[in-house]
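Remarks on the structure that follows.
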Amino acid sequence: MRLCSIASGSSGNCIYAGSGHTHLLVDTGISKKKIEEGLKALDVKGGELSGILITHEHSDHIQGLGVFSRKYGIPVFATRGTIEGIRNYKSLGAMPDELLHEIKADQEFMLGDITVHPFATSHDAKEPCGYRMDCRGKSVAVATDLGTYDSYIIENLKGLDAVLLEANHDIHMLEVGPYPYPLKRRVMGDKGHLSNELSGRLLCDILHDNLKSVMLGHLSKENNYAELAYETVKLEITFGDNPYKGEDIPLKVARRDQISDIIMV
């Protein structure tokens, strides 16, 4: 399995996951041109994609979906609520019915040789989800836009070989930053985003000896920066209730405007 962030942040998200035979995208929240540039770096053509998995209908996750999926005729997989949100997002243009495929949380399906397991997430969208992808005994997952997490999320993220996990904001930066008070409350709420601290605590619950790579993603442009997210998560691991230290974990931060290193598992 390969996992790579083409773009990850509050301004646009697009993640690649694939095997030697199957190529998938999780979200298309950047322009068609940027998606194509990212795929080119991975030596993948748009027409070779087996599907696009959409987590939810917010613009930073779907703004490139219409143009890109129509050009290559790529099937789009999303929950009923998310599909409704996609249809109501007028700037995408008309989405052909034959491209939209309804899925349900906790009901696995196959795309090529990859088993896709959607799991429900807590976010202020119609029916959001994250995705776990398994192929030949290897597992990767994309878990962002989590206002909170519980034992259900932990179970869905156990036993992974690699994960892209949200570390959206630093709580202090958010509290003193420029956002209006209602937006601050939304971001910090149970249907908002994971802070750096909560991201680290969630990691403490899913760490195991065979977790080969952790990529922190969906960082806020205004309320976080890469070095702070990295150090905060490392500290949470070091001082958390687990046998690991922060430096034991292969930890990276996905950038909002450039492709990440390719994680191979």
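The values are calculated or read from the model by the stated rules, or taken from the named source; none is laboratory data. Because the structure is a prediction, the values reported are computed rather than measured. Cβ: placed from backbone, ideal geometry, glycine included. Neighbour counts: every protein chain shown. Surface accessibility is based on the protein's heavy atoms, side chains included, excluding ligands, DNA and RNA. Shrake-Rupley method; radii C 1.70, N 1.55, O 1.52, S 1.80 Å.
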request  = Name the residue, out of 201, 136, 186, that is basic (Lys, Arg), more than 22 Å from residue 7 (Cβ to Cβ) and in contact with a helix residue (DSSP H, G or I) (Cβ under 6 Å, 6 or more places away or on another chain).
outcome  = 201
ask   = Could you count how many residues in segment 51-78 are in a loop (DSSP other than H, G, I, E, B), under 21 Å from residue 8 (Cβ atoms) and either in contact (Cβ under 8 Å) with a residue 60 or more places away in the chain or among the small types (Gly, Ala, Ser) (or both)?
value = 5
inquiry  = residue 102 - would you say it is open to solvent by 50 Å² or more (accessible area, probe 1.4 Å), closer than 22 Å to residue 57 by Cβ, in contact (Cβ under 8 Å) with a residue 60 or more places away in the chain and touching a Lys or Arg at 6+ places or on another chain (Cβ under 7 Å)?
reply    = no
note = Screening 85, 81, 47 for residues that are open to solvent by 40 Å² or more (accessible area, probe 1.4 Å), small (Gly, Ala, Ser) and either out of contact with any Leu (no Cβ under 6 Å at 6 or more places or on another chain) or not in a helix (DSSP H, G or I) (or both) leaves only 47
inquiry  = Could you check segment 122-149 and list, in sequence order, the residues that are among the β-branched types (Val, Ile, Thr) and either assigned to a strand (DSSP E or B) or open to solvent by 20 Å² or more (accessible area, probe 1.4 Å) (or both)?
reply    = 140, 142, 148
key: Matching entry among 105, 94 (being within 19 Å of the chain's Cα centre (by Cα) and part of a loop (DSSP other than H, G, I, E, B))   = 105
query = residue 39 fails exactly one of the following numbered conditions: (1) under 12 Å from residue 114 (Cβ atoms); (2) in contact with a Gly (Cβ under 9 Å, 6 or more places away or on another chain); (3) of a type outside the set (Ser, Thr, Tyr). What is the number of that condition?
reply = (1)
